[in-house]
Amino acid sequence: MAAKTQAKTRVFSDVDYERKGKQATVLRVPQSRNDSGWGVVQIPITVLKNGKGPTVLLTGGVHGDEYESQIAISELARTLEPSSVQGRLIIIPALHYPAAVNGTRLSPIDNKDLNRCFPGRPEGTFADVLAHYVTEILLPITDVNLDLHSGGRAMEFVPSTTAHVLDDRAKMAETEALALAFGAPYHVVIKEVDAGYTFMTTCERRGVTAISSELGGGNRVSIPGLASTRRGIMNALKHLGVIRGKLDKSGPKTRVVTVPDYGCYAFAPQAGLFEAYHPLGAKVRKGEAAGALHFIDDPHRKPIIIDYGYSGELWCTRGQGQVSAGDPVAVLVAVR
């Protein structure tokens, strides 16, 4: 209930998670500024509740430059009615709202990546406070979380759902079944760089069934990525019994693949302009050239050739030409 949430968190709202019907309102996150001491950041949220069924938390815009989820989830908030729902659906199209408005991965308020701030803390900065609200208020009432991402400006992906390797085999099977219903071309079981403070990891620790995604990117609205997002959300909700209907199987059959170790990542050793040699989905081999790193400050310098450290298929590549030292320029997946 709304009154209980105010006792546990600095975020406040008139939303009542137990009320039947449809509520379209905002979460208010305090943000004191030079020109507004009692100012708040308002994050749109829609809640639909009807009948009996699971509670699904559907989130997009954790990174503000990832657009496909923000569009598809906003459409759902606008068009879905309670009579179509069995259970409860909590819809937040742009969870990290300041970053979404700014079109950036990090917040313009505190320069933090929300997806590296979980489980959050109420005494922290904006991203910490928001992550704490999600962890302590929303996850205890959530059965399933779909937190949808894409490559943003940094990377471009084969549209995919993602999940971590779990010790709980039954929970992992449940997660995979959800991903197969979603129906993206890949379902990637990933060894992720710095996953300990992510939203998905926090869901896993709290016993919430969770999948994430990489649904396009390249600093634009990906046509195949958005199509996969729209179809996948509806398929997942049908699979969970939240809405009725048959799954849309018009997309390619999902292939379950893995990122088994950090050898699947190719990193830029220096700053420069990266030229990829292969299209997404290409089959490549360890030691094969992934691309060339060019140096415009010294036109006479030969490019550095960056090799793949693994044999597999090209899951993603750099979304923009400029790279800094240590940036990933390609990530491979292996067929499980």
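The values are calculated or read from the model by the stated rules, or taken from the named source; none is laboratory data. As the structure is a prediction and not an experimental result, all values here were calculated from the model. Note that each Cβ is placed from the backbone with ideal geometry, even for glycine, and that neighbours are counted across all protein chains shown.
Can we say R169 is without any contact (Cβ under 8 Å) to a residue 40 or more places away in the chain and closer than 22 Å to I45 by Cα? Here the answer is no, as R169 does not meet what is asked.
Taking the numbered list (1) more than 15 Å from the chain's Cα centre (by Cα); (2) surrounded by fewer than 20 Cβ atoms within 10 Å (Cβ to Cβ) in turn, G87 passes all entries but (2).
Condition check ((1) over 21 Å from V56 (Cα atoms); (2) surrounded by fewer than 23 Cβ atoms within 10 Å (Cβ to Cβ)) across all residues:
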| site | (1), (2) |
| --- | --- |
| A184 | no, no |
| F199 | no, no |
| T209 | no, yes |
| E214 | no, no |
| G217 | yes, no |
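Among the residues in the range 209-216, are any touching a strand residue (DSSP E or B) at 6+ places or on another chain (Cβ under 9 Å), among the β-branched types (V, I, T) and within 24 Å of G53 (Cα to Cα)? Yes, that holds for at least one residue. Of the strands (runs of 3 or more DSSP E) that lie entirely inside the range 220-319, those containing 3 or more residues that are of a type outside the set (G, A, S) span 255-259, 272-276, 304-307, 312-318. In this structure, does P108 turn out to be surrounded by fewer than 18 Cβ atoms within 10 Å (Cβ to Cβ), at pLDDT 95 or above, outside any loop (DSSP other than H, G, I, E, B) and not aliphatic (A, V, I, L, M)? Considered against the rule, which asks whether it is surrounded by fewer than 18 Cβ atoms within 10 Å (Cβ to Cβ), at pLDDT 95 or above, outside any loop (DSSP other than H, G, I, E, B) and not aliphatic (A, V, I, L, M), P108 comes out as no. Considering only the range 271-279, I want to know if a residue exists there that is of a type outside the set (S, T, N, Q) and either in the same structural domain as D143 (by TED's automatic domain parsing) or surrounded by fewer than 13 Cβ atoms within 10 Å (Cβ to Cβ) (or both). The answer is yes; a qualifying residue exists.
Is it fair to say Y133 is hydroxyl-bearing (S, T, Y), in the same structural domain as V15 (by TED's automatic domain parsing) and over 21 Å from I71 (Cα atoms)? Taking the combined requirement at face value, the residue satisfies it.
Among the residues of the range 105-157, write down those that are among the hydroxyl-bearing types (S, T, Y) and touching a helix residue (DSSP H, G or I) at 6+ places or on another chain (Cβ under 9 Å). The answer is S107, Y133, T135, T142, S150.
Has the range 244-267 got at least one residue that is over 28 Å from L166 (Cα atoms) and buried (at least 19 other Cβ atoms within 10 Å of the Cβ)? No; the residues of the range 244-267 include none that is over 28 Å from L166 (Cα atoms) and buried (at least 19 other Cβ atoms within 10 Å of the Cβ).
The rows are residues; the columns are (1) surrounded by fewer than 16 Cβ atoms within 10 Å (Cβ to Cβ); (2) polar (S, T, N, Q); (3) more than 21 Å from Y97 (Cβ to Cβ); (4) not assigned by TED's automatic domain parsing to the domain that holds V56.
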| site | (1), (2), (3), (4) |
| --- | --- |
| K112 | no, no, no, no |
| N115 | no, yes, no, no |
| P119 | no, no, no, no |
| A195 | yes, no, yes, no |
